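Scroll down for the structure; my scribbles are underneath it.
The values are calculated or read from the model by the stated rules, or taken from the named source; none is laboratory data. Treat the numbers as computed from the prediction; the structure is a model and nothing was measured. Because the Cβ atoms are built from the backbone with ideal geometry, glycine has one as well, and the counts that use them run over all protein chains shown. Ligands, DNA and RNA are excluded from the accessible area calculation, which covers all protein heavy atoms including side chains. Shrake-Rupley method; radii C 1.70, N 1.55, O 1.52, S 1.80 Å.
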Amino acid sequence: MPILLKNLTSDDLHARLAHIGVTPRLARLLQRSAVQHNAWPVPVANGFSAKLLAQVQALVTIPRLTLLEKVISPQDGFAKYLFRGNNADTFEAVRIPLLHRPGDHKYVVCVSSQAGCALGCAFCATGRLGFRRDLAAWEIVEQVRHIQADSSHPVRGVVFMGMGEPLLNYETVMTAARIMSEPCGLAIAAKSITISTAGIVPGIRRFTAERQPYRLVVSLTSADPEVRRTLMPIEQTHPTSALLDTLRAYHAATGQRVTLAWIMLAGINTRAADAVQLAQLTQGLPIKLDLIDVNDPRGKFQPPSDAERNAFRDALRQHLVAPVARRYSGGSDIHAACGMLATSHPVRPEVDDFNFPYSVDSGNSVPAYSPTRQRSRTTPMTKPCDGKSLAFFPNLGNNAPRVFQALENAESRRQLMWQGAYTAIVTPFNRNGAVDYGKLRALIEEQIVARIDGLVPVGTTGESPTVDFDEHHKLIEVCIETAGKRCKIIAGTGANSTHEALELTRHAMEAGADASLQVTPYYNRPSQTGLIRHFSAIADLGLPVMLYNIPGRTGREIELNTLVELAKHPKIVAVKEAGGSVDRVSQILQRCQIEVLSGDDALTLPMMAVGAVGVVSVVSNVAPKAVADMVHAALRGDWPAAQALHKKYYRLFTDLFLDTNPVPVKAALAMQGKIEETYRLPLCEMAAAPRAKLAETLKTLGLV
């Protein structure tokens, strides 16, 4: 039986083809050709000999879906696709137009994970079909690839909210999500992939234990077990009490708010008593509540009236201490809205595609309309709408208030993708000065056990100026291989030559890094225009970029206006701030939609207090659990715990910079017996006095 491309991750593909000489790099190139271009690679250009390619083609096939029908809503531009896979069963996917910023066009795709569904929720058309079969990973990936190829703008997110229950097809769904998030796959950020479940408790437990990087949404719909059992038969198998215990464990393990979806059914779950019951059920559990109007073409269930909806929201505000968002579910006129997918639609209007007549946040499908409804693909939208624009949308009717409210709340709902504690990991050398990859692997394992969110290899702390190109490449590869997707890898690939930075970043991207860290070019001191061109050229490769502002080392600051301009690039996603200013963090967050991480351990907590979302830490090399615990406590709002850890380790935060980084941190790791204290010139060992002070601090904290 042939190996199906798009059905395996690049690592699995390599494992299946290694016996014929396919290296990890060639496996990634093969994956990229199949997933991104739906074609075989060009042998010479991509490093395949004609002989090897022929061997691969004999073992492997590129499967494709059959598109049976596509229909576009004339009401809001949502598009529904009807596919057939490897047998007669059909399934649907929905293209959701989004606009994060004026002129920044993109889509999210709602995919199916099964043909039909076994859960039988009373308000869901898919549930009335019954279960037919699980989809294969390639069938899920191909839904997104096909829609991307059919679209004039990029797909930036995926939601598993189509036909089927994703956690009842767990292995396949996670494989598909990994293929989508691989740089050599669809290159969609893991945090832009949402897994939605009706509450499969064992699946959520496994999702938590495996530290899956994707967003999780749980459909609750009622806090009353009897009402929920009537609406969602899954309540009999996985009762609300067990579900909430599992969600509390998920929050404890990840520090993430739990997103609950609530399908609003008039007269059933939108009373003040429902709000009180939900508040009691979730007491002590940080949640976010998404409200979605029911879509039932049979008319059995109706969405609440404006008065009923507003009264319910008022009750939620009174009793529930949690963010509440109204989610717009578009495409109802073509049966593409939430709960309507049943491989059918009422009409097939002949309309042109739309040029994004609305704007939404970076979470799920919550359109908010903008002032012009255009059919031209070449005329960009230049500004978001306001309430005065209602006259432009006669078809909105009673939907107008909710879509404008969605726009007002968009910024507060922006999904964080890079929050957490990241270790700027050292590069261990043996006594002969060679890189000690065994010691590096041991350090990485210790970091992962301590729940560090990511690693940053070959940055300044990793002594990037003294490693050669081959070592640079291998250090990144070893980090990626050892971490095995258990944490993010942000590869240090910055340089003061744009050409060199591009080459390093291309390699990191092919190796499977999640992002790159780009330091301000040093010594040659480019202008701010030069900085914009430099960073933009690297971001254009497609790998997410974290900027690194450290003027004390580079001699040049990324000025605020420059950062505002750079933040418009969809792949420039975060900035590591090491300029020593908490006020600058406030200024950045006032003007930019970009995530800020501290680049100074002593200022991590102060920066997080004004909105930073984590740290790229030197100290976490020595005390990874302490740094991770402090950052995670701050992220979940437990400021007393975070402050206690900051106070306890503050002396270490400062003493690890008694000499030029990474000299003190490598000395400390040597004192802990984890590495040899070996440096490459011009770096050398610490002087006796600061070394003694550092040793005393480590001893006081019980770290040696």
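Could you grab me the full set of residues in segment 268-283 that are in contact (Cβ under 8 Å) with a residue 24 or more places away in the chain and assigned to a loop (DSSP other than H, G, I, E, B)? Show your work before the answer.
Here is the first cut: in segment 268-283, the residues in contact (Cβ under 8 Å) with a residue 24 or more places away in the chain are 268-272, 274-282.
Passing the criteria: Ile268, Asn269, Thr270, Arg271, Thr282.
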Among the residues of segment 287-302, is any polar (S, T, N, Q), open to solvent by less than 30 Å² (accessible area, probe 1.4 Å) and assigned to a loop (DSSP other than H, G, I, E, B)? yes
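Residue-by-condition table, conditions (1) assigned to a helix (DSSP H, G or I); (2) under 26 Å from Glu182 (Cβ atoms); (3) of a type outside the set (A, V, I, L, M, F, W, C):
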{"position": "His472", "(1), (2), (3)": "yes, yes, yes"}
{"position": "Lys485", "(1), (2), (3)": "no, yes, yes"}
{"position": "His507", "(1), (2), (3)": "yes, yes, yes"}
{"position": "Arg525", "(1), (2), (3)": "no, no, yes"}
{"position": "Gly530", "(1), (2), (3)": "yes, no, yes"}
{"position": "Ile538", "(1), (2), (3)": "yes, yes, no"}
{"position": "Leu547", "(1), (2), (3)": "no, yes, no"}
{"position": "Gly552", "(1), (2), (3)": "yes, no, yes"}
{"position": "Thr562", "(1), (2), (3)": "yes, no, yes"}
Candidate set from segment 170-197 (those that are open to solvent by 10 Å² or more (accessible area, probe 1.4 Å) and more than 15 Å from the chain's Cα centre (by Cα)); member that is nearest to Ala513 (Cα to Cα): Thr175
For Tyr81, only one of the following conditions fails: (1) loosely packed, with under 15 Cβ neighbours inside 10 Å; (2) touching a helix residue (DSSP H, G or I) at 6+ places or on another chain (Cβ under 7 Å). What is its number? (1)
With the structure loaded, tell me whether Ala261 is crowded, with 16+ Cβ neighbours inside 10 Å, under 29 Å from Gly637 (Cα atoms) and in contact (Cβ under 8 Å) with a residue 60 or more places away in the chain or whether it fails that test. yes
Residue by residue through segment 509-523, note down the ones that are part of a loop (DSSP other than H, G, I, E, B), of a type outside the set (Gly, Ala, Ser) and either open to solvent by 50 Å² or more (accessible area, probe 1.4 Å) or touching a residue at least 40 places away in the same chain (Cβ under 8 Å) (or both). Asp514, Tyr522, Tyr523
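This table checks each residue for (1) open to solvent by less than 60 Å² (accessible area, probe 1.4 Å); (2) not in a helix (DSSP H, G or I).
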| site | (1), (2) |
| --- | --- |
| Lys625 | no, no |
| Val631 | yes, no |
| Gly637 | yes, yes |
| Pro640 | no, no |
| Tyr649 | yes, no |
| Phe653 | yes, no |
| Ala670 | yes, no |
| Leu681 | no, yes |
| Pro690 | yes, no |
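Step by step: first the residues of segment 201-222, then only those that are of a type in the set (Val, Ile, Thr) and either touching a Phe, Trp or Tyr at 6+ places or on another chain (Cβ under 8 Å) or closer than 28 Å to Leu29 by Cβ (or both), then the one that is most open to solvent (accessible area, probe 1.4 Å). Which residue is that? Break it down into steps so the answer makes sense when it comes.
Step one: list which residues in segment 201-222 are of a type in the set (Val, Ile, Thr), which gives 201, 204, 208, 217-218, 221.
This time we only want the ones that are either touching a Phe, Trp or Tyr at 6+ places or on another chain (Cβ under 8 Å) or closer than 28 Å to Leu29 by Cβ (or both), so: 204, 208, 221.
On the way: Ile204: 0, Thr208: 20, Thr221: 1 Å².
This residue is Thr208.
What residue, among those in segment 148-165 that are more than 18 Å from the chain's Cα centre (by Cα) and crowded, with 24+ Cβ neighbours inside 10 Å, is nearest to Ile204 (Cα to Cα)?
Quick first cut of segment 148-165, residues more than 18 Å from the chain's Cα centre (by Cα) only: 148-153, 162-165.
Going one step further and asking which of them are crowded, with 24+ Cβ neighbours inside 10 Å, we end up with 162-165.
On the way: Gly162: 18, Met163: 19, Gly164: 16, Glu165: 12 Å.
For segment 148-165, the residue satisfying everything is Glu165.
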For segment 62-78, pairs from a residue that is in a strand (DSSP E or B) and among the charged types (D, E, K, R) to a residue that is exposed (fewer than 14 other Cβ atoms within 10 Å of the Cβ) and at pLDDT below 90, with Cβ under 9 Å and 6 or more apart or across chains, are Glu69/Arg348
How many of the residues in segment 447-470 are of a type in the set (A, V, I, L, M) and outside any loop (DSSP other than H, G, I, E, B)? 3
From the list Gly530, Gly484, Gly542, which residue is at positive phi and free of Cβ contacts under 8 Å to residues at least 60 places away in the same chain? Gly484
Looking at segment 223-246, which of its residues are buried (at least 17 other Cβ atoms within 10 Å of the Cβ) and farther than 23 Å from Gly162 by Cβ? Ala223, Asp224, Val227, Thr240, Leu244, Thr246
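Just to check your reading of the model, which residue among Leu135, Leu99 is buried (at least 19 other Cβ atoms within 10 Å of the Cβ) and modelled with pLDDT under 90?
Matching residue, one of Leu135, Leu99: Leu99.
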Go through segment 418-459 and give me each residue that's open to solvent by 10 Å² or more (accessible area, probe 1.4 Å) and among the β-branched types (Val, Ile, Thr). Val435, Ile448, Val449
Return the residue satisfying two criteria in turn: it lies in segment 303-337 and is among the aliphatic types (A, V, I, L, M) and within 28 Å of Pro97 (Cβ to Cβ), and of such residues it is most open to solvent (accessible area, probe 1.4 Å). Val324
Any hit, segment 311-330, residues being at pLDDT below 90, part of a loop (DSSP other than H, G, I, E, B) and of a type in the set (Phe, Trp, Tyr): yes
